[in-house]
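J.: Before I ask anything, here is the structure I am working with.
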Amino acid sequence: MTTTLATGGRSTATRQRFGVGVGVGVVLVAAYFGVDKLHPFGTGVLVKGLVVGGLDSLVAMGLVLIYRSARIINFSQQVMGGLAAAVAVLLVEGKGWPYWVAVPLGLVAAIVTGWLVEALFIRRMANAPRLLLTVATIGIYQLLGAAQLGFENLVPQKSANAFTTPFNFTFHLSPNTFTGDDLVAMGAVPVALLLLYLFFVRTDYGVAIRGAADSSERALLLGIPVRNLSRVTWIVAALLSGVGAILAAPASIGSFTVGQVTSPATLLLPLAAAVLGGMESLPLTVLWALVLGVVNEVVYAITLQAAYQDVAQFVAIGLGLMLMILRNRITRVDDG
């Protein structure tokens, strides 16, 4: 009987996730035809939104991982990748190092950042109230931002190299011109999802992290080293943000600048995508990040005013939350 109920619950959850995924797909298709046919701009606006949303989804996935592990909102999630991007950019633009050498070193910096944050702050506050630990991530954001501001002075030399991917080609989709930088950014999201899937399903650490996220007390009773798993989770989250920041660094995308700390407001869209994904499902989180990115770009292309983007974000997030409430009510009715 218990097995039947559990199987039915999983089946219901699967149908709900499939339904939401289909709904998001319909929104994307509607956005495509709306921009291409009803507005003089064209599909370039939609593709740009997918690029921006894809980069936001990397940060959003890190937020979900940290929430499932520690039950907190990590307000330092985005800036955790800032040092990684700063290392990569300054090695290329400051020292003239090849892109393929600088980027792996930047990712190493992300790993070190995640390790230090967990070892110096999170582990020491493991038994603290979740609200206190959440507030502590704001302090971590400030510390990492200060480190990023001072890092530029460590590489004062300048080279003639610009931080761009080695793929030197362009293609035009009205009204935007896209480069190899955009193509790499678009390809990074499915690769990240695949790697995360393989990590959480095919490795012992990944399976243990999933089990500890469901019930840390039970995991401790089973002998699973929960604290060590927490360090791995923070490293993975820092890597995701590092990849996002490095991909956003080229001038063609231009959402990362060395010597400038990322504004806390830029965490809004990744956080909204994570919440709309239920702070649990990584694929749904990615889909919602893509939707919000497209909405942003479409609204700006039509109005040419950033203020309307905030209104559009509010409406999209509100509709998403209403969908979540409806889904939860359906779940309770089915369980009853």
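The values are calculated or read from the model by the stated rules, or taken from the named source; none is laboratory data. Nothing here was measured: the structure is a model prediction, and the numbers come from that model. For neighbour counting, all protein chains shown are included, and Cβ atoms are generated from backbone atoms with ideal geometry for every residue, glycine included. To get the accessible areas, we keep the full protein, side chains included, count just its heavy atoms, and leave off ligands, DNA and RNA. Shrake-Rupley method; radii C 1.70, N 1.55, O 1.52, S 1.80 Å.
J.: Would you confirm whether or not the stretch 291-299 contains a residue that is within 15 Å of L46 (Cβ to Cβ), of a type in the set (S, T, N, Q), over 14 Å from the mean Cα position of the chain (by Cα) and open to solvent by less than 50 Å² (accessible area, probe 1.4 Å)?
T.: Applying the first criterion (within 15 Å of L46 (Cβ to Cβ)) to the stretch 291-299 yields 291-299.
Going one step further and asking which of them are of a type in the set (S, T, N, Q), we end up with 296.
Add one more test, that the residue is over 14 Å from the mean Cα position of the chain (by Cα), and what stays is 296.
From what's left, open to solvent by less than 50 Å² (accessible area, probe 1.4 Å): 296.
For the stretch 291-299, residues within 15 Å of L46 (Cβ to Cβ), of a type in the set (S, T, N, Q), over 14 Å from the mean Cα position of the chain (by Cα) and open to solvent by less than 50 Å² (accessible area, probe 1.4 Å): present.
J.: Please go through the stretch 130-174 and pick out each residue that is modelled with pLDDT under 80, of a type in the set (A, V, I, L, M) and buried (at least 16 other Cβ atoms within 10 Å of the Cβ).
T.: If the condition is that a residue be modelled with pLDDT under 80, of a type in the set (A, V, I, L, M) and buried (at least 16 other Cβ atoms within 10 Å of the Cβ), then V155, L173 are the ones that fit.
J.: Something else about it: Right, A306: touching a Leu at 6+ places or on another chain (Cβ under 6 Å) and either modelled with pLDDT under 85 or open to solvent by less than 30 Å² (accessible area, probe 1.4 Å) (or both) or not?
T.: Details: touching a Leu at 6+ places or on another chain (Cβ under 6 Å): no; either modelled with pLDDT under 85 or open to solvent by less than 30 Å² (accessible area, probe 1.4 Å) (or both): yes.
The answer is no for A306.
J.: Might you let me know whether the stretch 3-17 holds any residue that is within 30 Å of P129 (Cα to Cα), at pLDDT below 85 and among the hydroxyl-bearing types (S, T, Y)?
T.: Going residue by residue through the stretch 3-17, those that are within 30 Å of P129 (Cα to Cα) are none.
Checked against the condition, which is being within 30 Å of P129 (Cα to Cα), at pLDDT below 85 and among the hydroxyl-bearing types (S, T, Y), the stretch 3-17 yields no hits at all.
J.: Does V243 meet the test of being among the β-branched types (V, I, T) and either at pLDDT below 80 or surrounded by fewer than 23 Cβ atoms within 10 Å (Cβ to Cβ) (or both)? Steps first, please.
T.: Numbers: among the β-branched types (V, I, T): yes; either at pLDDT below 80 or surrounded by fewer than 23 Cβ atoms within 10 Å (Cβ to Cβ) (or both): no.
Here the answer is no, as V243 does not meet what is asked.
J.: Assess whether S252 counts as being open to solvent by 20 Å² or more (accessible area, probe 1.4 Å), modelled with pLDDT under 85 and in contact with a strand residue (DSSP E or B) (Cβ under 7 Å, 6 or more places away or on another chain).
T.: Considered against the rule, which asks whether it is open to solvent by 20 Å² or more (accessible area, probe 1.4 Å), modelled with pLDDT under 85 and in contact with a strand residue (DSSP E or B) (Cβ under 7 Å, 6 or more places away or on another chain), S252 comes out as yes.
J.: Of the residues that sit in the stretch 90-146 and are among the small types (G, A, S) and within 19 Å of the chain's Cα centre (by Cα), which one is farthest from F163 (Cα to Cα)?
T.: Among those residues, the one meeting the criterion is G114.
J.: Being of a type in the set (S, T, Y) and either open to solvent by 70 Å² or more (accessible area, probe 1.4 Å) or at pLDDT 90 or above (or both) is the filter here; which residues of the stretch 99-129 pass it? Spell out the reasoning first.
T.: Step one: filter the stretch 99-129 for residues of a type in the set (S, T, Y), giving 99, 113.
T113, the sole residue that qualifies.
J.: Another question, if that's okay. Mind counting the residues in the stretch 180-196 that are touching a residue at least 60 places away in the same chain (Cβ under 8 Å) and open to solvent by 30 Å² or more (accessible area, probe 1.4 Å)?
T.: Restricting attention to the stretch 180-196, the residues satisfying the condition of being touching a residue at least 60 places away in the same chain (Cβ under 8 Å) are 181-182, 184-186, 188-189, 192-193, 196.
Within this subset, residues satisfying the condition of being open to solvent by 30 Å² or more (accessible area, probe 1.4 Å) are 184, 186, 193.
Total meeting the criteria: 3.
J.: Could you run through the stretch 262-281 and say how many residues are touching a residue at least 40 places away in the same chain (Cβ under 8 Å) and assigned to a helix (DSSP H, G or I)? First the steps, then the outcome.
T.: Residues of the stretch 262-281 that are touching a residue at least 40 places away in the same chain (Cβ under 8 Å), as a first pass: 262, 264, 266-281.
If we keep only those that are assigned to a helix (DSSP H, G or I) as well, we get 264, 266-276.
Looking only at that region, the number is 12.
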